[in-house]
1. Order the peptides 97-104, 196-203, 132-139 from the highest to the lowest mean number of other Cβ atoms within 10 Å of their residues.
2. Between Gln354 and Asp130, what FRET efficiency follows from the Cβ-Cβ distance if R0 is 35 Å, with the result rounded to 0.05?
3. Between 0 and 90 degrees, rounded to the nearest ten: what's the tilt of helix 320-329 against the longest Cα principal axis of the chain?
4. How far is helix 5-14 tilted, in degrees, relative to the longest principal axis of the Cα atoms in the chain, given as a value from 0 to 90 rounded to the nearest 10?
5. Of the listed peptides 70-81, 303-314, what is their order by residue-averaged count of other C-beta atoms within 10 Å, with the highest listed first?
6. Report the accessible area of Asp280, computed with a 1.4 Å probe over the heavy atoms of all protein chains in place, in Å² rounded to the nearest 10.
7. Running Debye on segment 242-368 with equal point scatterers at the Cα sites and no solvent, what base-10 log of I(q)/I(0) appears at q = 0.12, 0.19, 0.21 Å⁻¹?
8. Regarding segment 109-219, what whole-number volume in Å³ per residue does the convex hull of its Cα atoms give?
Amino acid sequence: MKRLIPFLLALFLLTGCDAIQPQSKVDPLVFGIFEPTTGIFGETGEETLRGAKLAQDIRPVALGKKIELKLYNTKSQSFEAANGVAYLSDRGAVGLIGTFGSDSMQMASPVINAAKIPTVTGSTSPKLKDNYWITQISVSDDEQARAMARFADETLHVKDVAIMIDSETLYGNELAYSFERNLPDYVNVYKVFYHTGESRFHNEIQRLKKLPVDSVYCPGNSAASAYLVRAIRTEYPDIPIMGGDRWENPSFKALGRKAVEGVYFTAHYARYETFNIASDTFLSLYREKYGKEPTSYAAIGYDAYNLLYDAVVKGGKDDPAAMAQYLRKQESFDGALGIKKRFTTRSVPILQQQGSRGNYVTSVEVSR
């Protein structure tokens, strides 16, 4: 009986009567997902998919139609995101759950606009905000960087910070630019660039050693960042090292080993500092279904599905234009990621790597 309580609670909180409508023999309602489930970013796409499937378990029927989740695996290739949108649109998807990658979503954005299909995404790129058909639910690159800049100043009291930047990715450059712009004038900033695919970082560390730094901010993909942190720690065993949301992926710890202990990074979801009943319910249900702890990406998939579901049920029809209109009008959403007020402030969790996971340190409020 106790194991049923979280499920029943979620059922009544999220759906009222909708989730228990009898399934119709009419064609299913398709929600498409374009995410990598293989390749270098496969672990993140798999987590997003798990979150969406968890939400589907709770709310499987809308307007008398069974909801079908249809996946397009982008294979960790940015250009495949655009192909995924076209493929899923052609197969009747009325709404999409979009990939997290900034570069991938930039390529998908014009196709989404042309297909006129509402897309809820975990992408952090601020460049997507003007696309009418895209709804972002994660903490943006700019919001993450501003929160970490405040944390670096007010909590870590940094004075001379090196920003190490993957020069070939939109993600790393956007975070680095915003972080630098939001530091106080009395903090000295030094930049060191590296190339995607680097794993030894010998030349970069030699440049770093010539600088009078007391901290490093190096947001990047989980694998590259793990190797970079290991290289930094050989010369700087004690200085604070800071990064972004992709450090939450298990591969960051697996590749970084002991070197990544104690580093700080921004996230979208703080599993041990939940914000509301919806967050608590999500955590309980995820543990029950998968037998492990969720990451931010699972929470993003869960919330994205529920937003598309609400756009159908509360909007009263499964028409993409009506769904997009509903999504654009929502000023807040009470989901697994916490209470999100789209046009006022955002609470950005700061985590610290301790053991196999990032543990909650604090939240930093930033304006939107």
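1. Details: 97-104: 27.0, 196-203: 12.5, 132-139: 22.8.
Descending mean neighbour count gives 97-104, 132-139, 196-203.
2. On the way: r = 39 Å, r/R0 = 1.10.
Calculated transfer efficiency: 0.35.
3. 50
4. Taking the Cα atoms of the chain, the angle to 5-14 is about 80 degrees.
5. The peptides rank, most packed first, as 303-314, 70-81.
6. Approximately 70 Å² of Asp280 is accessible to the 1.4 Å probe.
7. Debye output, listed in q order: -0.52, -1.08, -1.21.
8. Values: hull volume 12.0 nm³, N = 111.
Spread over its residues, the Cα hull of segment 109-219 gives 108 Å³ apiece.
The values are calculated or read from the model by the stated rules, or taken from the named source; none is laboratory data. Bear in mind that the values here come from a model prediction, so they are computed numbers and not experimental data. Reconstructed Cβ throughout: ideal geometry from the backbone, glycine too, with neighbour counts over all protein chains shown. Protein only, heavy atoms only, side chains kept; ligands, DNA and RNA dropped before computing areas. Shrake-Rupley method; radii C 1.70, N 1.55, O 1.52, S 1.80 Å.
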